[in-house]
Amino acid sequence: MPQRVAIVGIGQTRHTSRRPDVNDGELINEAVSAALADAQLTMKDIEAVIIGNMEFFEGHHLNDAMLIDYTGARGKAGLKMNTGGTVGTMEVISGCYHVASGLFDTCLVIGWEKHDEASTTSCITTITDPAVDRPYAVGALSGLAIISMNYMTRTGCKVEHAAMVRAQASENASRNPNAHVRDRLSVEDVLKGRMVLYPLNLYFLCPTSVGACALVLASETKAKKISRKPVWIRDHITVHSDYSGALFTFPGETRETSHMVAGRKIFQRNHITKPIREIQVFELYDPCAFLQMSWLEDFGICDQGEAWKLVEKGVTAREGEFPVCPSGGVLCTNAIGDSGTLRVAEAALQIRGDAGEHQVTRDVKAALASGYGGSYWTDLLLLSKTPD
Amino acid sequence: MQQKTTDELITQEMLLKIPYRWAAGEHIGEFLRELRRSGKIYANKCPKCGRFRCPPAPVCSRCHTKMEEREKWVHVGPKGTLLSFFVAEQSFLVPTTGDMLEVPFSVGVIWLDGAPVALWHQLEETNPDKIKVGMRVEAVFKPKEQRQANIFDILHFKAI
């Protein structure tokens, strides 16, 4: 039987557009120190270190070697992750495997990115098929625009609904001192945004941020000994897609995305029949306002074509019945290698009741966190207040 | 009052300029050779689940079955239906050339006639008000003598 795994330490830097005052190692160390302090542990207590970012954003490859002074990993076990938007969640999942296996009692997980050091969109363009697709890709933006347009066509969602999502995210981010873009925007403000990639204006897209997030994971025995408020990683799943993520369904085919498979399997095996009632918060990896809605449907939180109606009714607001991204989400803070780790961190803070100004109004017993990325795969984690 | 000295923040400017050469391989290579040779777009089918791939693929990702071989490849397009699109209005650095993207730049996902497959390619029309999901489009090829066995052998898709 695998060991149960808990999050016993959470640390993050403030997020911003530029940090020329620190190098990557110094940035990481801010999050590592904060997570260790939160766990009331020192580096001596940590047995394995998982680190990840997307190296092309900084143009500094195999940087984990040079970062060793700041991560504390010297002489310890661990892995390096490089999987696009899922870097951060893959790291937590990898940390889980390390601890659940029984080989390690503690594991430090570090996700980070410094988007002020290169052209993010140009780097992401290089993830596509070099011969056939690359000339027609504009970083991640092109995929987000194609999905958004398809979502509107399929479901009747209007641009105004995406503006509601973004306005709501801005309200949440304004309460989160660590979020990057914290301006409060009305639906009208969002609709007036500068067009970047039709149909997406600047506000429908996530920013490029600088930041780091670190978590300390511990085995059940260790967690119960050292932590007053452990948050349990109840289950997690990774699901791969076809290249291009099965965006379109042709006659005779059933639409099946990696999010759909992940949601269905994780709810089934945890006996969750009505996720919208049984889970109190979802920190969903939402790089684009339209996708927050489309992916809520794909994860099975509501039926297809229903998410924009939930947004309209305020269900997904911080005070709503099913708050989505009370932190402000990826829409307001996006340091890619840290975005996934941050989703898990923010979901865990909600369970602990430590989210401060952006704490949701209901008691959180179970929360979801997701990751998604250019490698066309889905990570989904189920967290809970109690171990079973 | 105490004098505060602010040290200038030091950053190192760099440019990574590295040439790459990517092997298109057996299937994508033949797909590109056919663009040059015949001006035709090809797809292939999984004999088990019937799903098509364009460009043709060696193995079906869903059935883990060998896809149909070269002699059974099917000709798709040049006409098709627009499934989705975007129009880039802000320019970005194109990493494969080092140039800035010329905007407006519009790209469509085109469901090609003949099989359920979609290809991403440039649209001739760049005014988003004149582009509609569901509209019919057709591939415009370069003249044969100018074709180079790359995806640019198709100039763009135009509205029909």
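Rule-based calculations on the coordinates, nothing more; no lab input. The shown structure was predicted, so the numbers you read here are calculated from the model rather than taken from an experiment. Here Cβ is always computed from backbone atoms with ideal geometry, including for glycine, and neighbour counts include all displayed protein chains.
From the phi angles alone, apply the Karplus equation (6.51, -1.76, 1.60; θ = phi - 60°) to segment B:43-59 and give each ³J(HN,Hα) in whole Hz, x where the residue is Gly or Pro. Rounded to whole hertz, the list is 9, 9, 10, 7, x, 8, 9, x, 6, 9, 10, 9, x, x, 10, x, 9. Entry note, chain B: the mean residue ellipticity at 222 nm calculated from DSSP H runs of n ≥ 4, each adding -39500 (n - 2.57), is -2500 deg cm²/dmol after division by the residues and rounding to the nearest 500. Shown in residue order for segment A:136-144 are the 3J(HN,Hα) couplings computed by the Karplus curve 6.51 cos²θ - 1.76 cosθ + 1.60 at θ = phi - 60°: 10, 9, 10, x, 7, 4, 5, x, 5 Hz (x for Gly and Pro).
Under a model in which nothing but the beta-carbon of Lys, Arg (+1) and Asp, Glu (-1) is charged, segment B:25-159 shows a dipole of about 640 debye around its Cα centre. When the helices of chain A are scored as -39500 (n - 2.57) per DSSP H run of n ≥ 4 and the total is divided over every residue, the value at 222 nm lands at -10500 deg cm²/dmol.
The residue A:187 and residue A:153 beta-carbon pair, evaluated with R₀ = 25 Å, returns a calculated FRET efficiency of approximately 0.70.
Seen from residue A:105, the other residues with C-beta closer than 15 Å to its C-beta sum to a net charge of +3, counting Lys and Arg as +1 and Asp and Glu as -1.
When the charge dipole of chain B is built from unit charges on Cβ atoms (+1 for Lys and Arg, -1 for Asp and Glu) and taken about the Cα centre, the candidate among B:146, B:111, B:91 whose Cα reaches farthest toward its positive end is B:111.
Counting Cβ atoms of other protein chains within 10 Å of each Cβ in A:135-146 and taking the mean gives 6. Cross-link reach is defined here as a Cα-Cα straight distance under 26 Å, omitting same-chain residues fewer than 8 places apart; for residue A:224 the lysines meeting it are A:44, A:76, A:365, A:385.
Shielding of peptide A:149-159 by partners, expressed as the average count of other chain Cβ atoms within 10 Å per residue Cβ, is 2. When chain A is treated as a GNM with alpha-carbon contacts under 10 Å, the residue of A:159, A:181, A:210 showing the greatest mean-square fluctuation is A:159. Distance between the 7 Å Cα→Cβ label points at residue B:7 and residue B:135: 5.8 nm.
Considering only alpha-carbon pairs that sit under 8 angstrom and 6 or more positions apart, the relative contact order computed for chain A is 26 percent.
Placing unit charges on the Cβ atoms of the charged side chains and taking the dipole of the protein assembly as shown about its Cα centre, the candidate lying farthest along the positive direction among A:351, A:366, A:249 is A:249. For residue A:335, the residues whose amide H sits under 5 Å from its own are A:209, ignoring neighbours fewer than 5 places away on the same chain, with H placed 1.01 Å from N. Among the GluC sites (Glu not before Pro) in segment A:231-319, those placed in a DSSP loop whose Cβ has at most 16 other Cβ atoms within 10 Å are A:253, A:256, A:306, A:319.
Counting only residues at least eight positions apart within a chain, or on another chain, the aspartates and glutamates with an alpha carbon under 14 Å from that of residue B:142 are B:34, B:124, B:153. For the pair residue B:142 and residue A:363, label points projected 7 Å from Cα toward Cβ lie 6.8 nm apart.
The chymotrypsin sites (Phe, Trp or Tyr not before Pro) of segment A:195-261 that meet both conditions, a loop assignment by DSSP and at most 15 other Cβ atoms within 10 Å of the site Cβ, are A:243.
Look at where the Cα atoms of segment A:164-179 and of segment A:1-46 average out, and the two centres are 23 Å apart.
Determine, at each q value in 0.09, 0.12, 0.13 (inverse angstroms), the log₁₀ of I(q)/I(0) that the Debye formula gives when each Cα of chain B is one equal point scatterer. For the requested q values the scattering log ratios are -0.41, -0.65, -0.74.
The alpha-carbon of residue B:17 sits under 21 angstrom from the alpha-carbons of these lysines, leaving out residues fewer than 8 places away in its chain: A:114.
Considering all different alpha carbon pairs of segment A:137-295, the Kirkwood hydrodynamic radius works out to 18.5 Å.
Going by the alpha-carbon gyration tensor, a ≥ b ≥ c the square roots of its eigenvalues, is the protein assembly as shown rounded (a/c under 1.5) or, if a/c is not under 1.5, prolate (a/b greater than b/c) versus oblate? Prolate is the answer for the protein assembly as shown, as a/c is 1.5 or above and a/b outweighs b/c. Under 5 Å from the amide H of residue B:79 lie the amide H atoms of B:113, B:139, each residue being 5 or more positions distant or on a separate chain, with H modelled from the backbone and absent for Pro and chain starts.
When chain A is treated as a Gaussian network with alpha carbon springs shorter than 10 Å, the biggest mean-square fluctuation among A:299, A:282, A:267 belongs to A:267. Taking GluC sites (Glu not before Pro) across segment B:14-103, the ones in a DSSP loop with at most 15 further Cβ atoms lying within 10 angstrom of their Cβ are B:69, B:102.
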